[in-house]
Amino acid sequence: MEGLEETLADLAVCKSECSRMSCVMAGDSAQPETVKFNVGGKHFEVARSLIDEHSETMLSRLVSTTWLEDPTKPVFIDRDGDTFAHVLNYLRYGSISLPVTVHKDNFLRDLDFYGVVPDADSPVRSCSEAWSAQIAERCAKIKDLEAARSKLEAEINTLQMENDIDILANYCASEYLRRTLHPIFPLARQNTHSTTWIRIGRPNSNGNDPDEANKEKLWSTSYAVCNQEQHRENFRKSISRFGLRLHVATSSNGQVKLSLGSL
């Protein structure tokens, strides 16, 4: 009887020990809800479920029971910690827009290191690329606007000159019909048969007299008419509206003289 009691006592002890060991083993096999990484000196604590969603990556293998002996200790990875933070965001959201401080090539290189393969549905965008594209687009637009402005300024100058020529033609026609000296404008007129010479002198303007400014405009327009064939032709067309024609004479010293006559 005593031997039987000893045997039963030993069995009870074994049963208790086996139960305790089962509890310990069950506790060891239970995985924590988070995993820890030390990447280049920066510490991260990440939900295990995120890593499990990407079981094909190196990160998943590093935190598996095969590789990770103590789940309470962080897994050290000798890579850049700032880039790793963006890698985790890429795993979370499936796409990412990198800041200008992270070069896209470096990010893609680390993705490859961690075994993460981006696809067409998971774009990797770079703010620096978007910024560069924006600068290039803005520069192109500025160039187009400058070209348009140059063209517009040329059209404005052409229209302004045509308007000034019409004003000059009106003035000359008025002087031709009056055949008298203008009381305030320095000009000389000479009658030879049906031809009238109208000399427009450059006024000494101080810049404050509106009349002097108008005289300066007449003088500069008449100078352009005398020296440029295109302006002269426009003046010829304009003066013909008043029933007058333009006579062109060149002196021995090459000076062009214009006179008006009846059609």
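Worth pointing out:
- Of the criteria (1) open to solvent by less than 20 Å² (accessible area, probe 1.4 Å); (2) touching a residue at least 40 places away in the same chain (Cβ under 8 Å); (3) under 37 Å from the mean Cα position of the chain (by Cα), which one Val35 fails: (3)
- Residue in the range 72-86 that is without any contact (Cβ under 8 Å) to a residue 40 or more places away in the chain, over 18 Å from Gly40 (Cβ atoms) and basic (Lys, Arg) present: no
- Some residue of the range 75-94 being under 19 Å from the mean Cα position of the chain (by Cα) and more than 30 Å from Arg241 (Cα to Cα): no
- Within the range 39-55, residues that are of a type in the set (Ser, Thr, Tyr) sit with their Cβ atoms under 8 Å from residues that are not in a strand (DSSP E or B), at 6+ positions apart or across chains, in these pairs: Ser49/Glu33.
- Lone unmet requirement of (1) outside any strand (DSSP E or B); (2) modelled with pLDDT under 90; (3) among the polar types (S, T, N, Q) for Asn163: (2)
- One residue alone among Glu155, Glu175, Glu129 is modelled with pLDDT of 85 or more and in a helix (DSSP H, G or I), and that residue is Glu155.
- As a summary of the residue check, Ser55 satisfies the conditions (1) buried (at least 16 other Cβ atoms within 10 Å of the Cβ); (2) not in a helix (DSSP H, G or I) except for the one numbered (1).
- Flag for Phe84 being at pLDDT 95 or above, more than 28 Å from Glu129 (Cα to Cα) and hydrophobic (A, V, I, L, M, F, W, C): no
- Counted residues, the range 219-252 - those being within 11 Å of Ala169 (Cβ to Cβ) and open to solvent by less than 60 Å² (accessible area, probe 1.4 Å): 10
- Residues of the range 138-175 that turn out to be open to solvent by 50 Å² or more (accessible area, probe 1.4 Å), more than 15 Å from Glu233 (Cα to Cα) and charged (D, E, K, R), as a count: 9
- Considered as a group, the residues in the range 76-116 that are hydroxyl-bearing (Ser, Thr, Tyr) and part of a loop (DSSP other than H, G, I, E, B) include one that is surrounded by the fewest Cβ atoms within 10 Å (Cβ to Cβ), and that residue is Thr101.
The values are calculated or read from the model by the stated rules, or taken from the named source; none is laboratory data. The model shown is predicted, which means the values in this text are computed figures rather than measured ones. For neighbour counting, all protein chains shown are included, and Cβ atoms are generated from backbone atoms with ideal geometry for every residue, glycine included. The protein model used for the area step is the full one, side chains on, heavy atoms only, and it has no ligands, DNA or RNA in it. Shrake-Rupley method; radii C 1.70, N 1.55, O 1.52, S 1.80 Å.
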